[in-house]
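Input: a single structure, listed below in structure tokens.
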Amino acid sequence: MSDHVDSVKSYLRLLEGWRETSRAKGDDKMVATYDKRIAFMQAAVDEIEHLRRITKPIPASYGDLSDLPDELIKELTGIKVDDLEQQVFTIIKAGGAEVDLDSVLIELFRRFKVVQTRRYLQNKLWRMAQKGLIFSVAGKKGVYTADRPEADTAAPRAAPSPFDDFDDDVPF
């Protein structure tokens, strides 16, 4: 089996068979034990499949678009996301509120076995922020988030005037 989830599903089928055997024997205590184990393992499988589905990379090409309505096809611009952008976005999204450049470098290697130079990745992050894929954290250099920052609610201050330091008193 190529996938660990498939192995767990196979084991679940075994447990279900053993549960039915226990049920046929009238062993209600074992049936209850199997029910609990099956429920826990099925919940784990469901969660893993859900996480895989929502973190699935955006494909570089869209493939067959024949199932899409004409209204949606008209709205598509054909922008492609490269692999590194997808990997970086996945790391930043998984990182929670804030992720710094060092963390992205480390996680790129740990998760994807990709080694990038600091300067190249810094430029990539800046370009992604300019596109609106990720966002810079205000006041923190080299720190990014996948969540759009809330608008600043403070009233804007007036810019200082070059004449602020002059006295109002006329000397004559």
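The values are calculated or read from the model by the stated rules, or taken from the named source; none is laboratory data. Since the structure is predicted, the reported quantities are computational estimates derived from the model, not experimental observations. Ideal geometry is used to build each Cβ from the backbone, glycine not excepted, and the neighbour counts take in all protein chains shown.
Return yes or no: is residue 104 at pLDDT 90 or above and touching a strand residue (DSSP E or B) at 6+ places or on another chain (Cβ under 9 Å)?
yes
Hey, among 15, 51, which residue is among the hydrophobic types (A, V, I, L, M, F, W, C), assigned to a helix (DSSP H, G or I), modelled with pLDDT of 80 or more and within 25 Å of the chain's Cα centre (by Cα)?
None of the others qualify; the one that does is 51.
Has the stretch 76-92 got any residue that is in a loop (DSSP other than H, G, I, E, B), of a type in the set (D, E, K, R), under 22 Å from residue 131 (Cβ atoms) and at pLDDT below 80?
Yes: the stretch 76-92 contains one or more residues that are in a loop (DSSP other than H, G, I, E, B), of a type in the set (D, E, K, R), under 22 Å from residue 131 (Cβ atoms) and at pLDDT below 80.
Take the conditions surrounded by 12 or more Cβ atoms within 10 Å (Cβ to Cβ), at pLDDT 80 or above, of a type in the set (Lys, Arg) and touching a helix residue (DSSP H, G or I) at 6+ places or on another chain (Cβ under 9 Å) and apply them to residue 124. Does it pass?
Judged against the criteria, residue 124 is a match.
Take residue 73 and decide whether it is at pLDDT 75 or above and surrounded by 10 or more Cβ atoms within 10 Å (Cβ to Cβ).
No.
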